[in-house]
1. Using the structure shown, decide if residue B:283 is within 25 Å of the chain's Cα centre (by Cα) and either more than 21 Å from residue B:133 (Cα to Cα) or free of Cβ contacts under 8 Å to residues at least 40 places away in the same chain (or both).
2. Any residue that is in contact with a Lys or Arg (Cβ under 8 Å, 6 or more places away or on another chain) and surrounded by fewer than 18 Cβ atoms within 10 Å (Cβ to Cβ) - is there at least one of those in the range B:157-172?
3. Taking residue B:150 and the conditions (1) over 29 Å from the mean Cα position of the chain (by Cα); (2) under 22 Å from residue B:257 (Cβ atoms); (3) of a type in the set (Gly, Ala, Ser), which numbered condition does it fall short on, given that it satisfies the others?
4. Would you call residue A:114 surrounded by fewer than 15 Cβ atoms within 10 Å (Cβ to Cβ) and more than 30 Å from residue A:234 (Cβ to Cβ)?
5. Being touching a residue at least 60 places away in the same chain (Cβ under 8 Å) and under 21 Å from residue A:132 (Cα atoms), is that true of even one residue in the range B:36-45?
6. Among the residues of the range A:41-56, are any within 30 Å of residue A:159 (Cβ to Cβ) and surrounded by 13 or more Cβ atoms within 10 Å (Cβ to Cβ)?
7. Go through the residues of the range B:214-228 one by one and say whether even a single one is at pLDDT 90 or above and not in a helix (DSSP H, G or I).
8. Does the range B:26-40 hold any residues that are within 7 Å of chain A (Cβ to nearest Cβ) and within 14 Å of residue A:202 (Cβ to Cβ), and which are they?
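The values are calculated or read from the model by the stated rules, or taken from the named source; none is laboratory data. These figures come from a predicted structure and were not determined experimentally. Using ideal geometry, Cβ is built from the backbone for each residue, glycine included, and neighbour counts are taken over all protein chains shown.
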Amino acid sequence: MNSLKKRTKRGKSKRVSRSLGGDIFVFTVLGMMGLFMALPLIYVISNAFKPYGELFLFPPRFLVRHPTLENFKQMGEALTGSWVPFSRYLFNTVFITVVGVVLQILIATCAAYGLSKFDFPGRNFLFGTVVYALMFPAIVTNVPTYLLFSRLHMIDTHWAVILPALQSSMGLYLMKQFMEQSLPDVLLEAARIDGAGELYIIFKIVLPLMKPAWMTLGILSIQALWNTTGGNFIYSENLKTLPVALNQIVQSGVARTGAGAAISLCMLIVPIGTFILSQNQVIETMSTSGMKE
Amino acid sequence: MILRMEKFSKKWEKTLYRMKRNKVAYLLILPFFALFFVFTVLPVISAFFYGFTYYNVFQDPIWVGLENYVKLLLYDDIYGTALKNTFIFAIITAPTGYILSLLVAWFINELPRRVRSVCVLIFYAPSISGSAYVVWKLLFSSDSYGYVNAFLIRLGLIHSPIPWFSEVDYILPLLIAVQIWMSMGTGFLSFVAGLKCVDRTLIEAGAIDGVRNRWQELWYITLPSIKPQLVFGAVLSITGAFAVGEISTNLAGSPSVRYAGHFIANHMQDYGSIRYEMGYACAIATMLFLMTLVCNKVINIVLNRTIK
């Protein structure tokens, strides 16, 4: 430990400063890890712009040399081509994502508002079960849920994917924690005195003020639903989703490699793009995510 | 006795009054908790009961008592492999992902705002990129067109391409690497946010009271301040590690070569959606449920004892 001698900066803050060695260590580790994290994604991006020849170059080259939009054109042809209805897969994924995200935000907002702002008997118990649900993987419920849907004759419908996604315990947990700390009771009291109903309060006060929370919820559920394959709940070809189609392309081999690379990039853009747009709100929400005893 | 009864009924009356007063709250939480009951609580309970039956969907379930569990624990060698793989996987990926998330969040905490945002994006992106981890299959593809193989051959370290995801010795380590790559998710964001909110005056007070270097500052001041986030992050890491299954199916195939990448979740899917032995699959699910829960509780207690 070579930073033992205390080097407190005079002036604005009294705090131990890092040693030079520490600085070098920190940036080396950060840089190496950053490369490890970023390289596969850079590869996806670079691949999407590679002309046909470079995709099959030997020895392979990591970065694109002569970028082209050819792959996206190919993807467009695949999307509109009548022999494989890719627009159908796209529609399915967009439908599942949009319906799922909107409904989930509404349901979770109502529940979080109820749990955090009303002192009703049973609320600690109910919230406790939600916290317990965070402590085991959702895959545990897979087989019984399959049995349930098959008994309800709902296997092979989009609802078999959407309905279970609506009760994300993580979403409710984050929303409730945030609301408890960031939604002033006084405001709600004032609205009630003015004669506002609960629905009015939810749409005119809670939703606008809780924008960071529901954006966070939106990010989490977009990335889950946008990437859903439908698991073993969907098997009709015309109900399948984009990731399934993408997998088929990747496995179908050479002819569609270019279109596959372009679709991979497009799949990536949605979750990452939405995160870039909402990062500040997400971090704000996460500051209340802690678990207390 | 009468006094006690009176007390009880008074308490009951109060509860009833509180229920009536908050009628609207029950309406608000109804949609969520109805779905939560149907898709989380009910499945866990029914998995527990189906675990004691033989059930192939076409006929009614038949009660078989502990038969499934006896078979699972004593005779099913593949389950043994899956159990071993899952534990090795969890013991390595959960703490590694957790500690890396914490260190990176700590390192980037003092960077300028914009640089920090870019760093958060780079580290968080893999965890939300969904099926993008399939690129690992391209990078490590088995012929000499694979980037890693081509690279190693050019360096002269190997002479013929290695079939990475079909080589027993490499499957598990590669899956672990992929998981660590994706492990900086919600927990990481929680650490970043928590560190941003650490009270500056505490740090200054610490410097005056004899904190000598950054590691001491981390241990005595920063970590205790973000303890709630640490507990939250630990829960997510453990649950995520035990949920492993899908990446193995997509990268190493199902089943993987000599079951080297076979996890408990794969075993459950195998019986649930391929062999239609729902009772057995539910017994596996119940085991996975109990393991994750116990592990979470233990780590929770450990964290609470070590970080004051």
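1. So residue B:283 fits the description; yes.
2. From the range B:157-172, those in contact with a Lys or Arg (Cβ under 8 Å, 6 or more places away or on another chain) are B:165, B:168; that's our starting set.
Checking the rest, the ones that are also surrounded by fewer than 18 Cβ atoms within 10 Å (Cβ to Cβ) come to B:168.
Among the residues of the range B:157-172, at least one is in contact with a Lys or Arg (Cβ under 8 Å, 6 or more places away or on another chain) and surrounded by fewer than 18 Cβ atoms within 10 Å (Cβ to Cβ), which makes the answer yes.
3. Going through (1) over 29 Å from the mean Cα position of the chain (by Cα); (2) under 22 Å from residue B:257 (Cβ atoms); (3) of a type in the set (Gly, Ala, Ser) one by one, residue B:150 breaks only (2).
4. Details: surrounded by fewer than 15 Cβ atoms within 10 Å (Cβ to Cβ): no; more than 30 Å from residue A:234 (Cβ to Cβ): yes.
Here the answer is no, as residue A:114 does not meet what is asked.
5. Taking the range B:36-45 and keeping what is touching a residue at least 60 places away in the same chain (Cβ under 8 Å), we get B:44.
After this cut, where a residue has to be under 21 Å from residue A:132 (Cα atoms) as well, the list is B:44.
Within the range B:36-45 (the criterion being touching a residue at least 60 places away in the same chain (Cβ under 8 Å) and under 21 Å from residue A:132 (Cα atoms)), the answer is yes, since at least one residue qualifies.
6. Let us first name the residues in the range A:41-56 that are within 30 Å of residue A:159 (Cβ to Cβ), namely none.
Scanning the range A:41-56 turns up no residue that is within 30 Å of residue A:159 (Cβ to Cβ) and surrounded by 13 or more Cβ atoms within 10 Å (Cβ to Cβ).
7. Checked the range B:214-228: at least one residue is at pLDDT 90 or above and not in a helix (DSSP H, G or I).
8. Passing the criteria: B:28, B:29, B:31, B:32.
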